[in-house]
1. What number goes with the only condition from (1) in contact with a helix residue (DSSP H, G or I) (Cβ under 8 Å, 6 or more places away or on another chain); (2) in contact (Cβ under 8 Å) with a residue 60 or more places away in the chain; (3) surrounded by 12 or more Cβ atoms within 10 Å (Cβ to Cβ) that residue 104 does not pass?
2. From the residues in segment 72-100 that are in contact (Cβ under 8 Å) with a residue 60 or more places away in the chain and assigned to a helix (DSSP H, G or I), which one is nearest to residue 16 (Cα to Cα)?
3. Out of curiosity, is residue 301 in contact with a helix residue (DSSP H, G or I) (Cβ under 9 Å, 6 or more places away or on another chain), assigned to a helix (DSSP H, G or I) and under 22 Å from residue 164 (Cβ atoms)?
4. Cβ contacts < 8 Å: first residue loosely packed, with under 13 Cβ neighbours inside 10 Å, restricted to segment 28-47; second residue modelled with pLDDT of 85 or more and assigned to a loop (DSSP other than H, G, I, E, B), any location; separation 6+ or different chain. Result?
5. If you go through segment 77-112 one residue at a time, how many are farther than 18 Å from residue 148 by Cα and out of contact with any strand residue (DSSP E or B) (no Cβ under 7 Å at 6 or more places or on another chain)?
6. Tell me yes or no: at least one residue of segment 264-283 is within 21 Å of residue 72 (Cβ to Cβ) and either more than 14 Å from the chain's Cα centre (by Cα) or outside any helix (DSSP H, G or I) (or both).
7. Of all residues in segment 101-130, how many are part of a loop (DSSP other than H, G, I, E, B) and within 19 Å of the chain's Cα centre (by Cα)?
8. Name every residue in segment 131-148 that is crowded, with 24+ Cβ neighbours inside 10 Å and under 20 Å from the mean Cα position of the chain (by Cα), in order of residue number.
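The values are calculated or read from the model by the stated rules, or taken from the named source; none is laboratory data. Nothing here was measured: the structure is a model prediction, and the numbers come from that model. Here the Cβ is made from the backbone with ideal geometry for all residues, glycine too, and neighbour counts use every protein chain on show.
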């Protein structure tokens, strides 16, 4: 879609929940691949990740985040008009996880609740969707729950998290600016090819395999990621999108307090930062401690790194999510008087 502007939408608060379990990429692996992992950590910048136990779903993390946020805001449940869940980790294929969370959170039947299937770029898309409903009228207060459960012991990249963001109608609130894009020609770059109607799960998909005796076991049900394609896409598409949005908003880079990028890996994020000429202190990162938390990585970084600064006074924040789809979204948000509870471990 073309760049757009939303009016009368206030960013009221955010809460983030991660699992208690910390997995180390350096020590929680086979001894024979330790040196390989050390090289990998130097390149991708991810030392530890958060991994949920078998019983814990993304929705459990999002529920805890939403409960804490509602408590901090002192919002009444009957005031919530909309609940949007953006995840690739639903509780069930059907029904929508948002419907289940509407009941768990004690929200009224009048609360419109639905899911959106999106990963790395989820947060800007979700903000735009909920913000548009508020701008259009009818929705006065809404919750956006974003995150995934995607961590495994063998994969050194992904981590688990659930987040909650509150938006509300506020006449005269600073405008929110958006630039959202999709390119389905690159859908194979990040894909889980088995399990849908295109290729249903069969017995052959359940047989584990490995490339050599030092490798870990794989499954046809594992996520496939084309690293070079993702690197090329991210570093070529994101910087121009940021420049485009700033031009649309009439804002210079030095007028932005923080630039928060999806936490993909060190190489991608550093290339983007350098292409845009941004100082390190304006680009917080959580890669080392939390890994790639998919669509939750922007809220995770805001909560874990700058929540106190965001509560202290008005801040202008540029948020950029990019990845699966392929898709990329950028938004510029002024935040003032919002609630940012400390990181929750569940």
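1. Every listed condition holds for residue 104 apart from (2).
2. The selected residue is 72.
3. yes
4. 43/265
5. 9
6. Checked against the condition, which is being within 21 Å of residue 72 (Cβ to Cβ) and either more than 14 Å from the chain's Cα centre (by Cα) or outside any helix (DSSP H, G or I) (or both), segment 264-283 yields no hits at all.
7. Residues in segment 101-130 being part of a loop (DSSP other than H, G, I, E, B) and within 19 Å of the chain's Cα centre (by Cα): 5 in total.
8. 131, 142, 143, 144, 145, 146, 147, 148
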